[in-house]
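Inspection log for the structure reproduced underneath, given as structure tokens.
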Amino acid sequence: MPALFFSESFDSQIIIPLVFEVIQVENTPVATSAPAQFVLFTCQRGAENALKKELERRRPNWRFSYSRPGFLTFRTPEPESLEKRLAIDVPTLRLVFARSCAHSLGRVSARECSNEDGTFDATRALARVWELAATEFGADSRSAENARKAGRPVRTLARIHVYERDQLAVGVRGYEPGLTQSAYDLHRRLFEIAPAEFRASLASDANRLDAPGAPGEVCLDVVVVEENEWHVGFHKIADVHSRYPGGLFPLELPTDATSRAFLKFEEGLRWSGFPIGIESRCVDIGAAPGGGSQALLARGALVLGVDPAEIDPLVLNHPNFTHLRGKISQLRRKLFRKSRWFITDMNVAPSYTLDALEELVTRDDVSARGLLFTLKFFDWKFADDVPKFLGRVKDWGFNHVHARQLQFNRQEIMVAALKKPFVK
Ligand SMILES: C[S@@+](CC[C@H](N)C(=O)[O-])C[C@H]1O[C@@H](n2cnc3c(N)ncnc32)[C@H](O)[C@@H]1O
């Protein structure tokens, strides 16, 4: 059975569902004396425990190894082949709270790369990153030898992904996760000193840290955990987020955006791959002041914005926008008969959002094709209930239900639910 992911073209804004074949992973034997293997994750600061609990459920035999705020590592029970490691990522682990996942090649810190006085030797550290890359992707590596024996192409690195763990919790002192200047600088230096055997296989735009990678490409990951502590790994691009370093979209808030929520819905629409375009009929519940609606209107959608609060005039005066002023419970249901996409971003408890959506989308006279909504965790304890929340959405007839804590989500998650095929 093919696995369904969604991909999109960022330049043209055309969203194309893309089917990748599930890769049959062969059982290449790994020497029993091989060193222990670790998996590296980044997440929003504050989400570490939620991610730990998810991994306890998804991979009970993995052992938590190390963490810093926004960064965790786990040890796998036994060494696996390169192909098996490449097949493990955020989508296959079905993680909500991980922003990125990479397979460790080793750590570079003052312990491994120091000057005579014991301080971190950055020049030596840069060279060490490529030495670690060679252990798995060099022409003489065991993985290359296994590939040649099996008659498979030898895996090569297409990109260098450099990213820092989050410096603060999202929103604290205006902090937004993103690619930092020091990540750009480190990427440039690593690119410049790339050994010839790696340089030859890098993608033509690999000199740009923010260039989106293509599905199937393998990236070298350098996670800057501290200025003098880098964790080096690799991953294969398997979804929209893993195309970017650390799953961080190079998105900026447009100057005319009416709220920061524009970013989370822009990211949510790209992540879900929902085919919302010209004249798609959308309802945006909790629309004020209007950033989320702007992301929909920019795609040509027709938007009914539900909110008792004021909508920004920029959105209110858009010809494709209609303000239904009031709480969702106060509005007549027949207003939503033609609507197909329900977007919700209310500052209420998860159970209220779910009750409101359930009451709407399970009605015989409402025909919802897809939902994209936030669940706000006023308390992190709600994270434990995510499987229950998603089970509830499936019970409404949505057969593709995914959740993720997006880069632009604060203490909340985004849920995307789709009926596929959709029969009106
Ligand atoms: C976080 S803000 C939404 C931001 C908005 N999505 C944007 O893009 O700018 C939450 C909104 O939910 C609205 N809200 C809360 N309860 C509601 C309800 N029962 N029905 C409709 N809107 C509601 C609030 O009035 C508030 O404007």
* Over all pairs of distinct alpha carbons, what does the Kirkwood formula give as the hydrodynamic radius of the stretch 261-418, in Å? -> 15.4
* With a 1.4 Å probe and every protein chain left in place, tell me how much accessible area Arg299 has, in Å² to the nearest 10. => 30
* Using a 1.4 Å probe on the protein chains only, how many percent of the accessible area of the chain belongs to carbon and sulfur? -> 50
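For Ser351 and Glu310, what is the calculated FRET efficiency with R₀ set at 25 Å and r taken between the beta-carbons, to the nearest 0.05?
Rounded to the nearest 0.05, the efficiency is 0.40.
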* Asked: Given the options Tyr163, Tyr184, Tyr175, which has the most mean-square fluctuation in a GNM of the chain, springs set between C-alpha atoms less than 10 angstrom apart?
  -> Tyr175
* Asked: Could you give the distance between the Cα centres of the stretch 377-421 and the stretch 360-374, to the whole Å?
  -> 15
* Can you give the net charge of the other residues whose Cβ lies under 10 Å from the Cβ of Ala36, counting K and R as +1 and D and E as -1? -> +1
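So, with +1 on the Cβ of K and R and -1 on the Cβ of D and E, and no other charges, what is the size of the charge dipole of the chain about its Cα centre, to the nearest 20 debye?
With only Lys, Arg, Asp and Glu charged at Cβ, the dipole is about 1440 debye.
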* Structure fact -> Out of Pro254, Pro60, Pro35, a Gaussian network model of the chain with alpha-carbon springs under 10 Å gives the largest mean-square fluctuation to Pro35
* **For the chain, alpha-carbon Rg and Dmax in angstrom** => 22.6, 75
* Asked: Going by alpha carbons, how many degrees (0 to 90, nearest 10) lie between the helix axis of 350-361 and the longest principal axis of the chain?
  -> 60
* Structure fact -> Residues meeting the amide H criterion for Ile285 (H placed from the backbone, H to H distance under 5 Å, 5 or more places apart or on another chain) are Val306, Ile343, Thr344, Asp345
* To do: Restricting to the stretch 295-424, compute how many DSSP beta bridges are antiparallel as a %, nearest 5.
  => 55
* Please turn the phi angles of the stretch 249-264 into ³J(HN,Hα) values with the Karplus equation 6.51 cos²θ - 1.76 cosθ + 1.60 (θ = phi - 60°), one per residue in order, whole Hz, x for glycine and proline. => 6, x, 9, 10, 6, x, 5, 9, 5, 7, 7, 5, 4, 3, 5, 5
* Quick one: how many Å² of Phe97 are accessible to a 1.4 Å probe, rounded to 10? -> 0
* To do: Kindly report, to the nearest 10 Å², the accessible surface of Val423 as traced by a 1.4 Å probe over protein heavy atoms only.
  => 120
* Using θ = phi - 60° and the Karplus curve 6.51 cos²θ - 1.76 cosθ + 1.60, what whole-Hz ³J(HN,Hα) does each residue of the stretch 283-295 get, with Gly and Pro shown as x? -> 10, 10, 9, x, 7, 6, x, x, x, x, 4, 4, 5
* To do: Distance between Cα centroids, the stretch 305-335 to the stretch 65-111: provide it in whole Å.
  => 44
* Only helical DSSP H runs with n ≥ 4 go in: add -39500 (n - 2.57) per run for the chain, normalise by residue count and round the 222 nm mean residue ellipticity to 500 deg cm²/dmol. => -7000 deg cm²/dmol
* To do: Over the chain, calculate the relative contact order: mean separation of alpha carbon pairs under 8 Å at least 6 apart, over the residue count, as a percent.
  => 13
* Would you mind counting up the charge near Gly70? Only other residues with Cβ under 11 Å from its Cβ, with Lys and Arg at +1 and Asp and Glu at -1. => +1
* **Residue among Thr119, Ala417, Ser204 farthest towards the positive dipole end of the chain, charges placed on Cβ** => Ala417
* Asked: What angle do you read, to the nearest 10 degrees and between 0 and 90, between the alpha-carbon axis of helix 48-58 and the longest principal axis of the chain?
  -> 80
* **the chain: angle of helix 181-192 to the longest principal axis, Cα-based, in degrees nearest 10** => 40
* Structure fact -> Simple spin-label estimate for Leu168/Asp384, 7 Å along Cα→Cβ, in nm, reads 3.1
* **Phi-based couplings in Hz for the stretch 408-417 (Karplus 6.51, -1.76, 1.60; Gly and Pro marked x)** => 9, 7, 8, 7, 6, 10, 10, 10, 10, 10
* Heavy-atom surface of the stretch 57-195, accessible at 1.4 Å and reported per residue (Å²) -> 48
* Identify which of Pro177, Pro69, Pro250 has the largest mean-square fluctuation in a Gaussian network model of the chain, with springs joining Cα atoms closer than 10 Å. => Pro250
* Want the number for His400 to Arg111: 0.36 nm per residue separation, take away the alpha-carbon distance, what's left? -> 99.4 nm
* **Residues of type lysines that Lys394 reaches as a straight line, Cα spacing below 21 Å, ignoring anything fewer than 8 places off in the same chain** => Lys376, Lys419, Lys420, Lys424
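Multiplying the sequence separation of Arg94 and Arg142 by 0.36 nm and subtracting their Cα-Cα distance, what value in nm do you get?
Length gained between Arg94 and Arg142: 14.3 nm.
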* Could you give the C-alpha radius of gyration of the stretch 3-247 expressed as a fraction of 2.2 N^0.38 Å, taking N as the number of residues it contains? => 0.99
* Sequence-distant residues sharing a close amide H with Phe71 (under 5 Å, placed H) -> Cys43
* Solvent exposure ordering (accessible area, 1.4 Å, most first) of Glu56, Glu359, Glu412 -> Glu56, Glu359, Glu412
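The values are calculated or read from the model by the stated rules, or taken from the named source; none is laboratory data. These numbers were taken from a predicted model, which means no experiment stands behind them. Reconstructed Cβ throughout: ideal geometry from the backbone, glycine too, with neighbour counts over all protein chains shown. Ligands, DNA and RNA are stripped out before the accessible areas are found, and what is left, the full protein with its side chains, is counted by its heavy atoms. Shrake-Rupley method; radii C 1.70, N 1.55, O 1.52, S 1.80 Å.
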